[in-house]
1. For chain A, what does the relative contact order come out to in percent, with C-alpha contacts under 8 Å and a separation of six or more?
2. Helix-only estimate, please: 222 nm mean residue ellipticity of chain B, summing -39500 (n - 2.57) across DSSP H runs of length 4 or more and dividing by its residues, to the nearest 500.
3. Among the helices of chain B (complete DSSP H runs), which have Cα atoms covering no less than 15 Å along the helix axis and a Kyte-Doolittle mean of at least -1.0?
4. Springs between alpha-carbon pairs under 10 angstrom, Gaussian network model over chain C: which of C:Asp147, C:Asp60, C:Asp248 fluctuates most?
5. Search the structure for amide H atoms under 5 Å from the amide H of B:Trp174, placed 1.01 Å from N in the peptide plane, and list their residues when 5 or more places away or on another chain.
6. Please arrange B:Glu328, B:Glu240, B:Glu117 by how many other C-beta atoms lie within 10 Å of their C-beta, fewest to most.
7. Out of segment D:226-275, which trypsin sites (Lys or Arg not before Pro) are coil in DSSP terms and have no more than 15 other C-beta atoms within 10 Å?
8. How far is it, in nm, from the label point at D:Lys266 to the one at A:Arg214 when both lie 7 Å from their Cα along the line to the Cβ?
There are 4 protein chains.
Amino acid sequence: MKAIVIKPHVIGMEVKNIDLEEKLGKNQVRIKTLYTGVCGTDRGLVNNKLSFVRAPEGWDELILGHEAFGIIEEVGEDVTEFKKGDYVVPVVRRGCGVCLNCKIGRQDFCETGNFVEAGIRGKHGFMREEFVDDEMYLVRVPESIKDIAVLTEPLSNVVKAIDEVMQVQRRMVWNCPDGAYDCRNAYVVGTGPIGTFYSILLRTYGFNVFMLNRRDPSPAEEYVSKRINAQFVNTTKSEEMNKLPKADIIVDSSGFPSAFIPLLSKINKNGILVLFGTETGDKTPIDADLVSFMVENNIAVIGSVNANKMNFKESVNYLTMWKEKYGELLNRMITTVVSPEEANTILEKKPKGEIKSVIKWSD
Amino acid sequence: MKAIVIKPHVIGMEVKNIDLEEKLGKNQVRIKTLYTGVCGTDRGLVNNKLSFVRAPEGWDELILGHEAFGIIEEVGEDVTEFKKGDYVVPVVRRGCGVCLNCKIGRQDFCETGNFVEAGIRGKHGFMREEFVDDEMYLVRVPESIKDIAVLTEPLSNVVKAIDEVMQVQRRMVWNCPDGAYDCRNAYVVGTGPIGTFYSILLRTYGFNVFMLNRRDPSPAEEYVSKRINAQFVNTTKSEEMNKLPKADIIVDSSGFPSAFIPLLSKINKNGILVLFGTETGDKTPIDADLVSFMVENNIAVIGSVNANKMNFKESVNYLTMWKEKYGELLNRMITTVVSPEEANTILEKKPKGEIKSVIKWSD
Amino acid sequence: MKAIVIKPHVIGMEVKNIDLEEKLGKNQVRIKTLYTGVCGTDRGLVNNKLSFVRAPEGWDELILGHEAFGIIEEVGEDVTEFKKGDYVVPVVRRGCGVCLNCKIGRQDFCETGNFVEAGIRGKHGFMREEFVDDEMYLVRVPESIKDIAVLTEPLSNVVKAIDEVMQVQRRMVWNCPDGAYDCRNAYVVGTGPIGTFYSILLRTYGFNVFMLNRRDPSPAEEYVSKRINAQFVNTTKSEEMNKLPKADIIVDSSGFPSAFIPLLSKINKNGILVLFGTETGDKTPIDADLVSFMVENNIAVIGSVNANKMNFKESVNYLTMWKEKYGELLNRMITTVVSPEEANTILEKKPKGEIKSVIKWSD
Amino acid sequence: MKAIVIKPHVIGMEVKNIDLEEKLGKNQVRIKTLYTGVCGTDRGLVNNKLSFVRAPEGWDELILGHEAFGIIEEVGEDVTEFKKGDYVVPVVRRGCGVCLNCKIGRQDFCETGNFVEAGIRGKHGFMREEFVDDEMYLVRVPESIKDIAVLTEPLSNVVKAIDEVMQVQRRMVWNCPDGAYDCRNAYVVGTGPIGTFYSILLRTYGFNVFMLNRRDPSPAEEYVSKRINAQFVNTTKSEEMNKLPKADIIVDSSGFPSAFIPLLSKINKNGILVLFGTETGDKTPIDADLVSFMVENNIAVIGSVNANKMNFKESVNYLTMWKEKYGELLNRMITTVVSPEEANTILEKKPKGEIKSVIKWSD
């Protein structure tokens, strides 16, 4: 079958025929891939910028792809949850089996680091025509969202982070006097697919959302921010920055400390900063006054990565709800669709005006 | 009566006679001060380094003192919880009455900033022979710890911070396989009274504790670390640093980013950094790689300040338990006792070898 | 305007013209009523079976109706959240303003009992052509679910109860080894609208759901249980009961202890029983062996009533998601629609085959 | 060595010499037994009233004893936490190793039921001169409480239950306006050692405690209630019952539904009932009105059993704190001390005026 492969620690990718001869074991299903999404991690792998990449044991190549959506075409022995024709999304990370978090299905908090991640480290990914997987790693998707279900994985990470925020903020009363969150302000730094998902999710909770970037919005960003009733802010324009109310939550999806550290002076008491972006090269000083400010104001910061199966399910629920509520909003987040043969055009570098690019494998 | 006063925004302090003519209202008691403690905040006020200082309305002087212990000498109308002769510690911060946290007794998370703090901003402190207070702001102390009860307030802030840590870490399973915390390592940066309290409290939870400073331990620090079975680490000695196991929690009581930022490279996955120290002048760069590290490893950071009444009660309980368990350990933390007349010797600058200095007002 | 009124403590209801002359104050909006739902409480009020009924101060009549959906037709001064044409659902209970829970927007946990509830006690309800309300008591509804949004209020109470269940069950690990809830079984006792909502919501969480009644399913119940992949169980048939696997959660929506007490022998360790139904007349003995069983197995029981504003918002989200996922399922739960003039046919007694009956006030 | 044994399912006990030839394995220590406590479960086992009793595999006898305190006399290979001469208490239940709760050290919430409990089911107990145990099942005790440390185990179960109460009650704000619990009332039904521990622990949290029994207090009970500032209530005297304020928490340590069900009418909104007692034979009807009351008032009920290692540690901390605070209070709870040879006098039936009876094995 066709697959997109890389050689770990080598620049480049290849679309080639590869036969894994995957047998269908107990509790396993065979899935025909419909769509796979592409994110910065995929591009980092193709351009050999991520040192943690690892091929499966016994392989020198790795099939790419961790954002996938497919349809079950064959069901193995003792499969109880799924049947042929069900639409599914696979979870990415598979736990180490040793630490307590992995033992209870919270591999997103794996302690040993000995997990594998499909298409990233130690396990082949989903950029191939079909794959076999254990039913326990699959999440069901309603047919009605099959056009956008490839967005489940990136959204799942955002869902996990906000779940965690709500947990952390139970250290005090964080809701508004009416019991909801409509009096709270959120800055989302970075307006790619992750920043967009944070914005929609925080709007769903009721937060007033400000989408921050160092430039004016693209037409797609303009559309999104209007549709969800958020406000796009060009952080290089002081007249926009001066009107910005203080934030109760700041989410950084950029990875640049120079982008979010200066914003901390505008965070409210008991506020929280979510770190989600990963970058290199940028550097910003923090001084003792900022530390004192964080102490005096009970500021919390959380770095958040990955998602567990429950977050994938919640992600599917949000996509379903938002489709009914916002119509074509999520479809318009998918700015490019290419065939596997053209995948290099979206894997080697980011297309202009991209929110999310995807590869279509089958109808 | 005798009192220790400052003029806000002026360097210096004075022991003088001052008559507040405090009437005993409903639900109020009159307390004879026995001991008051001195901390960095008091010295900051005396040396005019803390811009948030504020005298009570209508006053141009402020009576100092927020760490106090006393005995009730007169009970007002409708007082139900206390009687003459009860030993008590007053809480420091009194809520704004407006924000939700203050409304439910969590003024340590006040959102408006419109609280008052005895001896610090907007309310006279306890460095005087007696004071009147509402019974709701008092916490009872068993007679058996009257020699160390002046330590209640500083410990209460530590109790709050660790309560908060345990709340935040419920985002995953943080305990060891046996359900306790004995497999976890804690670094405590700074070995003053606050660092010492963090060390004892974390030992009580079961953590392996490493007390970090930029020098070898003083005899008092040597005694404390041995007594609680913690390990003192001189961070300037690479042979000690190299043997240090990774940390699950790092507490900074120094306020210097240059002291704790470099330690983050030694924090375990899902670890947490507690910011407690407040300083000025120090500066350290953070780079995108550190941010990526925090993201990839689900690192949390919390700034924590102040304590609520329940934390004061827990603080009294810990002092009581530790006295039974550790004998004179806590007494030896009180390194200096002076009369009000000599208070300038401990308020103007930190005595050599100090862990905690206190003023004795009465027997 | 037309309104449906009762005289508290008198059997009967009346459709009559009544003019409240409601002025539009600051932060208030005028809402044209579109639909109001009818539940057992309304029928209890009409048939004078609920002693807690209370007219507003100065009135001897009470306008009925607590399940409502409408459209904003006029906006008062300083209204920030809504504009003319927005669809909204009002919350029912308005807090006492005194207890801590009401102060933070959690009037569903009011401690004093001095709340008012629209259409039930102390405040006119929504069975009238229009009403004025404070914007803080309104929840926005997307236009796409305007045909089913009248279901928001009854669902909100179910959402609150399950939120509470998830909170209570954090006393241990309750999820399955994969981190989700698909290995857990739920019995829902009673298959009216509330039982149906519990079933759909628990299915959404992933639970295997068994809908229990003392009879075979009606065609509507058959349709619902099939559609959501739950199993209807006739508890009078021993062959069905014998095949029932043990439950991790039992929800009683019947109010009859004789219906749920015997089921406790089939609850798993660490299981939870939710009490939601309110009835009179039924009686069942509990013996010390059952108490011992509850102790030895860490069984929890929670009675749950009412919902807060956040639950209303979550309820709107679920309706939106389920409409996209299940199509006409929710529409088919609305088994009867009548005009105000015909309201007596659904308010005086329950129509045959009813899941939910509603009154249509306007297009 | 001397040991106290029973034959499961046979009435009677025997003090006999038995040699287990326990080798000291890796991570194990040999413990000389100092004291073992006796509780209702031990008497139930001796009188063959507990059907769940089970000898270890390959045995037809079971050594009794689950409440123990001892001193380490020999340390095996790789033991890191303990040394010869350390005082310790062993935990009772050892997890199934299969369910998620046992995997994370929460065997008190074991789901499979396949745990063993020393002296009760599947594992020899501690009523013998010495025993070998894994260090992970031991909790350190400070020497200063060696006279009362045998109380650790019974208290640990109470600590777990109240921890659970605090977790469950986070469903809303349960603290008083000052952030503490002094405005809350607790009824404790039953005044044996468990009821006494609940009373002291709830007093420590700040609750006003009412100790309920069907008779006047014994002198020991009179002493205890006075010492902790609780109130003893004879529930058969209507003048005492009429003065009883409403309860926020009711703890039943009796196991008799006829004792606690009638008290539910006196529970406040959002109140919680803790079931802890296990009995047989008693029976009380509950009716639909009581169920409605529980629904309308958000009443929670939890059955609670056993304790985890952290609760044992907290139990040691409480004993230490209470010894310092209350002096001989806990010593006076130990009403009888006998030699192993006299153990039948406290194991076959409850001595008159007992709070806690113990067997002394060594000095």
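No value in this document is a laboratory result; all are computed from the given coordinates. Quick caveat: nothing in here was measured; it's all calculated off a predicted structure. FYI the Cβ positions are ideal-geometry reconstructions off the backbone, even for glycines, and counts take in every protein chain you see.
1. Details: 754 pairs, mean separation 67.0, N = 363.
So the answer I get is 18 percent.
2. Here the helix-only value at 222 nm equals -7500 deg cm²/dmol.
3. Long hydrophobic helices here: B:152-168, B:193-205.
4. Most flexible of the set in this elastic network: C:Asp60.
5. Sorted by chain and number, the residues that satisfy this come to none at all.
6. B:Glu328, B:Glu240, B:Glu117
7. Values: sites: D:Lys226, D:Arg227, D:Lys237, D:Lys243, D:Lys246, D:Lys266, D:Lys269; in loops: D:Lys237, D:Lys246.
In loop regions of segment D:226-275 (DSSP not H, G, I, E or B), the sparsely surrounded trypsin sites (Lys or Arg not before Pro) are D:Lys237, D:Lys246.
8. In this crude label model, D:Lys266 to A:Arg214 measures out at 7.0 nm.
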